[in-house]
Amino acid sequence: LDDLVAEGVQGRTVLVRSDLNVPLDDDRNITDDGRIRASVPTIQALSGAGAQVVVTAHLGRPKNGPDEKLSLAPVAQRLGELLGAPVRLVELGTPLPSTAAGDVVLLDNIRFDARETSKDDAERGAFADELVALVGEDAAFVSDGFGVVHRKQASVYDVAQRLDAYAGGLVLSEVEVLRTLTGSPERPYAVVLGGSKVSDKLAVIEALLPKVDTLLVGGGMCFTFLAAQGHGVGSSLLESDQVDTCRTLLESGKIVLPTDVVVADAFSADANTKTVPVDGIDDGWMGLDIGPDSVREFAARIADAKTIFWNGPMGVFELAPFAEGTRGVAQAIADGDAFSVVGGGDSAAAVRALGIAEDAFSHISTGGGASLEFLEGATLPGVAVLEEDA
Ligand code: 3PG
C-alpha cells in the first residue's frame, strides 16, 4: 500500500478487496463492526491520496443470487460513518457512478454473483474480467481482506492476476504478526483452541502440536477429547468419528483439557445449569462452557507463557450463563505480558462483546479460517498471488 500511495494515486481508480463480513442481528443491525474498523485505514489512505476507491466485499454465503438480507447496505452506512463521508452502494452488474477523487463506493455483496466462489477457473476468470472492465484496466488492486485470503475467489485471487496488485496495510500487518508465530516464537508457546467442532481444527492441531509447548482445548470440541479419555459426555457435542484421532493427539502429552464444565439441560439461556467435574456429566445434560477450576488451570498455563495464540470461544459466550469460561481465558490473556494473538471472527467478537480492552492483546486478527490456515502452513491463494505479482 505504501508503495502504491508513494507512486501517486490521484485520480486513479483503486479496487480494494476488504473483509466486511460482519455479524448482523435479525433487524440487520451490525453487532460487531471490528472488521469494518480494521478496513478503514487502507481505504482512508487511498481516498486521502486522491484515489477513486471501489471497495468490494462479501457478506455471508448467499446461495441463490441477490438476497436483500445479505446486502451490504448496512455496511456501506457504517463505513461511511467511520470515514466521515457517505459511501455509495453500487448494485453488482451496473456501471460505477461518476465519482470525484477521494470518493469511496462499495460494490454490493460480491457473492451475489455465483462465479465469485466458483471452483471453475474459467468461470471465476470471466467474472474477474468483468470486474476489471468495471474499474478499468489501469486501475490498481489492493488486497486488504485478510479474512478471505485463504479463498481462491475472483475478487481475492483472479483480479490480483489481472491488475497491478498490492498488499493493503491490514493484510501486511496480519501476515507479519502471524509470521512471528510460525517463525521462532518466544517460549513457552501456548495455544488456546475452542469452537464447536474438532474436525474443523484437526489440521491446525496436527500442525501446531510439534511447535507448541501447551495446547489448551475448550469449547464444544473438548467433549470429543474428553470422550477419547473415556469420559461420558451426556448430550454434549460429540464427533464420534474423531474420537480415535483425538486419542492419538492426546499421546503428545501437550494437550490440556478442562477438569470441570458447566452443563445445561437445554441449549438456552433459561436452561437449568450446574458445574460438574468432567467425569460427572449425566445423560441428558450438555456441556456448554468450561468450569471455574478449568479456567484457573488454563489461566495458570497462560500466565507462564511468553507467546499465546487463541482461537475459538471456550463456551457459548453469547448466552450469559455460558460466558464465564471465555471471559476468564480472555481476561487471563489480557492480564499477562506474553505476545498474544487473538485469531478469528468469533474470538475477536467475544473480546469486544465481553468488554475486554482490545489493546490488552498484542494483535487481534480479523481472519478466523485465514489465520488458522496460515498457522497450518497452508498456501493462502490471496497472499501467494501478491507475492507472485511482486
Ligand atoms: C470469515 O468470516 O471468516 C471470512 O469473511 C471468510 O468468510 P467465508 O468463510 O464465508 O469464506
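Each reported figure results from applying straightforward, stated rules to the coordinates on display, with no laboratory input. Remember, predicted model here, so these are calculated numbers, not experimental data. Here the Cβ is made from the backbone with ideal geometry for all residues, glycine too, and neighbour counts use every protein chain on show.
Tabulated data
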{"item": "Per-residue [θ]222 nm for the chain (sum of -39500 (n - 2.57) over DSSP H runs n ≥ 4, rounded to 500)", "result": "-10500 deg cm²/dmol"}
{"item": "Packing rank of 93-105, 135-147, where each peptide gets the mean count of other beta carbons within 10 Å, highest leading", "result": "135-147, 93-105"}
{"item": "Nearest-ten-degree value, helix 292-304 long axis tilted from longest Cα axis of the chain", "result": "60 degrees"}
{"item": "Candidate lysines for bridging to Lys152, where Cα separation is under 28 Å - those fewer than 8 sequence places away on the same chain excluded", "result": "Lys63, Lys69, Lys119, Lys197, Lys201, Lys211"}
{"item": "The chain: angle of helix 73-83 to the longest principal axis, Cα-based, in degrees nearest 10", "result": "80 degrees"}
